[in-house]
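Asks: What follows is a structure written as structure tokens; I'll ask about it next.
The values are calculated or read from the model by the stated rules, or taken from the named source; none is laboratory data. Because the structure is a prediction, the values reported are computed rather than measured. We place every Cβ from the backbone using ideal geometry, glycine too, and count neighbours over all the protein chains shown.
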Amino acid sequence: MSTVVHAQDPFGNAVTLQHQASAAAVAGFVDGFLGYQPSILAILPAAETDHSLIVQTCAAVLWMFSESPAGPPKARWHLARAAAAAWPATERERQFAAAVAHWVAGDIGAALAQHEALAQQHPRDLAAIKLGQYHAFNLGDAPTMLRLALHAVPAAQHVASLHGLLAFGYEQCHRLGQAEAHARCALAMQAAEPWAQHALAHVMLTDGRLAEGAAFLQQASPQWRGLTSFMRGHNSWHLALFQIELGDDAAALRLYDDEVWGLDKSYSQDQVGAVSLLARLELAGVAVGERWDELATHLSCRTADQVQPFLDLQYLYGLARAGLPQADTLLANIQRFAPLAPAAARAAWQRVAVPAAHGLLAHARGMLKPAQADWPAAADALGAALPGLAGIGGSHAQRELFEQLHLDALQRAGRLAAVQNLLQPQANAQPQSLRVRRRLHAVYAGLGLPALAAG
């Protein structure tokens, strides 16, 4: 056996390597994962020659982030390579590898338990904490997201990225004041910390501070140029949401074309961000031309994925909205997979994804062929899914797409009293939203309440 190389990751955690050059790749992975930098990709060439447990496990994580059926086989190969090499490793490295192995096997509950143990025993392992947050986020478990980050506070309170993790955890738990405080703490330490910018955008959107949020993200946007496609596109997606709410539809459409779609058309998160934004633009009355057709060409290979319900549902809407028959194939696959899904996500697949998929298909086809629309069916199916929607993953802001589609189906079905009951509280909470006021105006006019429509 060659000489074992001992090094540290960017937060002082010991790493055990086969080659000294791999230390930079591990550091690039950790920094890239937390800061959404392309340096995360350096782990793959390092894994070609370094068979140490930490290098192979990080490579496995990167493959799993493809969020596609191709990920687990590649990840298993890297984990098997490390096992065959039997290179020395620290207990922390073995725990991290065990957590990733549970993920690859589909046992997210066991993976989360391992990440919580890591957070308690190694509170400066911020990469492990962030990966645990990713799993909790995909299960709609915001309290676990927050708890994982809180374990690190005594040991890493001077690290900007930790405050970004705390900010998003608090925001997803609806603790907006604490979320904003941690986001601003992170930005005071590191002005371009992208996850803190992202968390603060969430806070401002929820608070109804639409003009402030748009200005904040517009000012920050030049800092996103060097980030991964997901973070650059996703923060741009958030800016587009503010623009839609404020009635600047043309600016939001430009962002779709220039930033949200087209950076990496093969990646899951870029794809669903594009579906979501295009649907919101259309719901706001924007003519999107042939964009659905172009987008759907990149979704047609996703019918057999079933990686996360949050992803599948948006793939389905995009395919159906473009009129592609693969939407029916995806619906059938969702229904077939739901009772077989991993235990931690099975209820979300069965009780939420299946009815939501039927509702999304009905809505998309109604938009495509209004004469054949079944708006009551779309409204009923989406309405059945909404109570458990958090379980499919995604953030509050991302899941709001399904609520908007439900409202639209209700309105097209003529159920205006139900729309008024849901929409007026939104208008109260979002007084700056021109989008909500426009829709509410039409609802009150249809209800024969012209005075309220005028207001």
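Asks: Give me the residue from the stretch 25-40 that is in contact with a helix residue (DSSP H, G or I) (Cβ under 7 Å, 6 or more places away or on another chain) and hydrophobic (A, V, I, L, M, F, W, C) and, out of that set, surrounded by the most Cβ atoms within 10 Å (Cβ to Cβ). So that I can check it myself, show each step before the final result.
Replies: Step one: list which residues in the stretch 25-40 are in contact with a helix residue (DSSP H, G or I) (Cβ under 7 Å, 6 or more places away or on another chain), which gives 25-26, 28-40.
Imposing the further condition that a residue be hydrophobic (A, V, I, L, M, F, W, C) reduces the set to 25-26, 29-30, 33-34, 40.
Values: Ala25: 24, Val26: 25, Phe29: 28, Val30: 25, Phe33: 23, Leu34: 24, Ile40: 23.
Among residues in the stretch 25-40 that are in contact with a helix residue (DSSP H, G or I) (Cβ under 7 Å, 6 or more places away or on another chain) and hydrophobic (A, V, I, L, M, F, W, C), the one surrounded by the most Cβ atoms within 10 Å (Cβ to Cβ) is Phe29.
Asks: Now for a separate question. Evaluate the following for Val419: is it under 28 Å from the mean Cα position of the chain (by Cα) and of a type in the set (Val, Ile, Thr)? Let's see the steps before the verdict.
Replies: Working: under 28 Å from the mean Cα position of the chain (by Cα): yes; of a type in the set (Val, Ile, Thr): yes.
Yes: the conditions hold for Val419.
To keep it simple, each residue is scored yes or no on (1) within 21 Å of Thr228 (Cβ to Cβ); (2) touching a Gly at 6+ places or on another chain (Cβ under 7 Å).
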residue	(1), (2)
Leu34	yes, no
Ser39	yes, yes
Pro45	yes, no
Glu48	no, no
Ser52	no, no
Ala60	yes, no
Trp63	yes, yes
Gly71	yes, no
Pro88	no, no
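Asks: Condition first: outside any helix (DSSP H, G or I) and either assigned by TED's automatic domain parsing to the domain that holds Gln426 or in contact (Cβ under 8 Å) with a residue 12 or more places away in the chain (or both). Can you find one or more residues in the stretch 192-200 that meet it? Steps first, please.
Replies: The initial filter retains those residues of the stretch 192-200 that are outside any helix (DSSP H, G or I), namely 192-193.
Subset that is either assigned by TED's automatic domain parsing to the domain that holds Gln426 or in contact (Cβ under 8 Å) with a residue 12 or more places away in the chain (or both): 192-193.
Yes: one or more hits.
Asks: Is it the case that the stretch 290-298 has a residue that's among the aliphatic types (A, V, I, L, M) and within 23 Å of Ala250 (Cβ to Cβ)? Show your work before the answer.
Replies: Keep residues of the stretch 290-298 that are among the aliphatic types (A, V, I, L, M), which gives 295-296.
With the extra rule that they be within 23 Å of Ala250 (Cβ to Cβ), the set shrinks to 295.
Within the stretch 290-298, one or more residues are among the aliphatic types (A, V, I, L, M) and within 23 Å of Ala250 (Cβ to Cβ).
Asks: Which of the residues belonging to the stretch 252-278 are in a loop (DSSP other than H, G, I, E, B) and free of Cβ contacts under 8 Å to residues at least 24 places away in the same chain?
Replies: Let us first name the residues in the stretch 252-278 that are in a loop (DSSP other than H, G, I, E, B), namely 261-267.
The one that is in a loop (DSSP other than H, G, I, E, B) and free of Cβ contacts under 8 Å to residues at least 24 places away in the same chain: Gly262.
Asks: Residue pairs, Cβ under 6 Å, 6 or more apart or interchain, first in the stretch 314-328 and crowded, with 21+ Cβ neighbours inside 10 Å and of a type in the set (D, E, K, R), second in a helix (DSSP H, G or I) and modelled with pLDDT of 95 or more. List them.
Replies: Pairs found: Arg321/Trp292; Arg321/Ala364.
Asks: Also, quick follow-up: Got a number for residues in the stretch 217-228 being crowded, with 19+ Cβ neighbours inside 10 Å and farther than 22 Å from Leu41 by Cα? Spell out the reasoning first.
Replies: Of the residues in the stretch 217-228, the ones crowded, with 19+ Cβ neighbours inside 10 Å are 217, 220, 224, 227-228.
Cutting the leftovers down to farther than 22 Å from Leu41 by Cα gives us 217, 220.
Total meeting the criteria: 2.
Asks: State whether one or more residues within the stretch 123-136 are of a type in the set (A, V, I, L, M), surrounded by fewer than 19 Cβ atoms within 10 Å (Cβ to Cβ) and under 24 Å from the mean Cα position of the chain (by Cα). Reasoning before the result, please.
Replies: Our first condition is that a residue be of a type in the set (A, V, I, L, M); within the stretch 123-136, this holds for 126-129, 131, 136.
Pick out the ones that are also surrounded by fewer than 19 Cβ atoms within 10 Å (Cβ to Cβ) and you get none.
Scanning the stretch 123-136, I find no residue that is of a type in the set (A, V, I, L, M), surrounded by fewer than 19 Cβ atoms within 10 Å (Cβ to Cβ) and under 24 Å from the mean Cα position of the chain (by Cα), so the answer is no.
Asks: Test Gln56 against the stated conditions and say whether it is surrounded by fewer than 20 Cβ atoms within 10 Å (Cβ to Cβ) and either touching a Cys at 6+ places or on another chain (Cβ under 9 Å) or on the phi < 0 side of the Ramachandran plot (or both).
Replies: Taking the combined requirement at face value, the residue does not satisfy it.
Asks: Quickly run through the stretch 1-22 and pick out the residues that are assigned to a strand (DSSP E or B) and either closer than 26 Å to Ser161 by Cα or among the polar types (S, T, N, Q) (or both).
Replies: Keep residues of the stretch 1-22 that are assigned to a strand (DSSP E or B), which gives 5-8, 14-17.
Within the stretch 1-22, His6, Ala7, Gln8, Ala14, Val15, Thr16, Leu17 qualify.
Asks: Collect the residues in the stretch 334-353 that are in contact with a helix residue (DSSP H, G or I) (Cβ under 9 Å, 6 or more places away or on another chain), surrounded by fewer than 21 Cβ atoms within 10 Å (Cβ to Cβ) and assigned to a helix (DSSP H, G or I), keeping them in residue-number order.
Replies: Restricting attention to the stretch 334-353, the residues satisfying the condition of being in contact with a helix residue (DSSP H, G or I) (Cβ under 9 Å, 6 or more places away or on another chain) are 334-335, 337-353.
With the extra rule that they be surrounded by fewer than 21 Cβ atoms within 10 Å (Cβ to Cβ), the set shrinks to 335, 337, 339-344, 346-347, 350-351.
If the condition is that a residue be in contact with a helix residue (DSSP H, G or I) (Cβ under 9 Å, 6 or more places away or on another chain), surrounded by fewer than 21 Cβ atoms within 10 Å (Cβ to Cβ) and assigned to a helix (DSSP H, G or I), then Gln335, Phe337, Pro339, Leu340, Ala343, Ala344, Arg346, Ala347, Gln350, Arg351 are the ones that fit.
Asks: Among (1) under 30 Å from Gln223 (Cα atoms); (2) in contact (Cβ under 8 Å) with a residue 40 or more places away in the chain; (3) part of a helix (DSSP H, G or I), where does Glu67 come up short?
Replies: (3)
Asks: Do you know which of the residues in the stretch 294-305 that are assigned to a loop (DSSP other than H, G, I, E, B) and without any contact (Cβ under 8 Å) to a residue 40 or more places away in the chain is surrounded by the fewest Cβ atoms within 10 Å (Cβ to Cβ)? Working first, answer last.
Replies: Taking the stretch 294-305 first, the residues assigned to a loop (DSSP other than H, G, I, E, B) are 297-299, 303-305.
Keeping just the survivors that are without any contact (Cβ under 8 Å) to a residue 40 or more places away in the chain gives 297-299, 303.
Numbers: Thr297: 13, His298: 17, Leu299: 25, Thr303: 22.
Ranking the qualifying residues of the stretch 294-305, first place goes to Thr297.
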